[in-house]
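Report on one structure; see the data block that follows.
A short reminder: the numbers here are calculations on the coordinates, not readings from a lab. Bear in mind the structure is a predicted one, so any value in this text is a computation, not a measurement. Don't worry about glycine lacking a Cβ; one is built from the backbone with ideal geometry, like all the others, and counts go over all protein chains shown.
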Amino acid sequence: MIICNTSPLIALAILNRIDLLDTLYGEWFVPAHAAHESTVDLKPFSKLLAEKLIGHVVDLGDDRVVEALCIPLDRGEAEVIALAEAKECGTVLIDDRKGRRIAALRGLSVIGSVGVLLQARRRGLIIEVRPLLDMLIANEIRIAPSLYTKALELAGE
């Protein structure tokens, strides 16, 4: 099981590979705020995401943990962390550096969009990582040059 934030969902939608979440993690959930952020009109691939998120969106209900986490984080990352803790799910899918750091400090395993692609490559679900990373960059998804190089090295490309 994994709890997903907005930017990785958009990245996977750009690649038309949201199916990787089902294959790699079985169950996956998105907090209501992150789902809303992903499907707002004018966001890239909002219509596709609205369709793919059906059955995966969870409303937290209790906002106390979210409100506390909103001090250092934006609401999307705060809800992802709070939902992971509420569902006792050990893994979150977050690209934002600060969100990743705080999730790790709270004892959660963290993976990002590039990590999902690397897992998919290792399991033979995708043939190459490079063209997918290039497609993300062409669609204005920021990937640090050092992460790009490291990902290609880990993928053996």
Long-range HN-HN contacts of residue 91 with modeled amide H, under 5 Å | 3, 109
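From the helices alone, meaning DSSP H stretches of at least four residues, give me the mean residue ellipticity at 222 nm for the chain, per-run term -39500 (n - 2.57), in deg cm²/dmol to the nearest 500.
Values: 10 runs with 88 residues, N = 157.
Helices in the chain give a 222 nm mean residue ellipticity of -15500 deg cm²/dmol.
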Work out from phi, with θ = phi - 60° and the Karplus expression 6.51 cos²θ - 1.76 cosθ + 1.60, the ³J(HN,Hα) of each residue of the range 88-100, listed in order in whole Hz, and give x for Gly and Pro.
-> 6, 9, x, 10, 10, 10, 9, 9, 5, 4, 5, x, 5
How do 95, 134 rank when sorted from fewest to most other Cβ atoms within 10 Å of their own Cβ?
-> 134, 95
Sort all Cα-Cα distances of the range 2-114 into consecutive 10 angstrom bins from zero, then give the percent of pairs in each bin up to the one containing the longest distance.
-> 16, 53, 29, 3
Given H placed on each backbone N at 1.01 Å, which residues far from residue 28 in sequence or on other chains put an amide H within less than 5 Å of it?
-> 2
Which whole-angstrom value gives the distance between the alpha carbon centres of the range 71-94 and the range 16-32?
-> 15 Å
Once phi is turned into θ = phi - 60°, what whole-Hz ³J(HN,Hα) does the Karplus curve with 6.51, -1.76 and 1.60 give for every residue of the range 114-124, x standing for Gly and Pro?
-> 5, x, 4, 5, 5, 4, 4, 5, 4, 8, x
HN-Hα couplings for the range 141-157 via Karplus (6.51, -1.76, 1.60; θ = phi - 60°), in whole Hz with x for Gly/Pro, come out as 8, 6, 10, 4, x, 5, 5, 4, 4, 5, 4, 5, 5, 5, 7, x, 10
Residue exposure sequence - 33, 56 - by fewest surrounding Cβ within 10 Å | 56, 33
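Please give the length that would be gained between residue 127 and residue 71 if that part of the chain were fully extended, namely 0.36 nm times their separation in residues minus their C-alpha to C-alpha distance (nm, one decimal). Before the final figure, lay out each step's value.
Numbers: separation 56, 0.36 × 56 = 20.16 nm, distance 4.09 nm.
My answer for the length gained is 16.1 nm.
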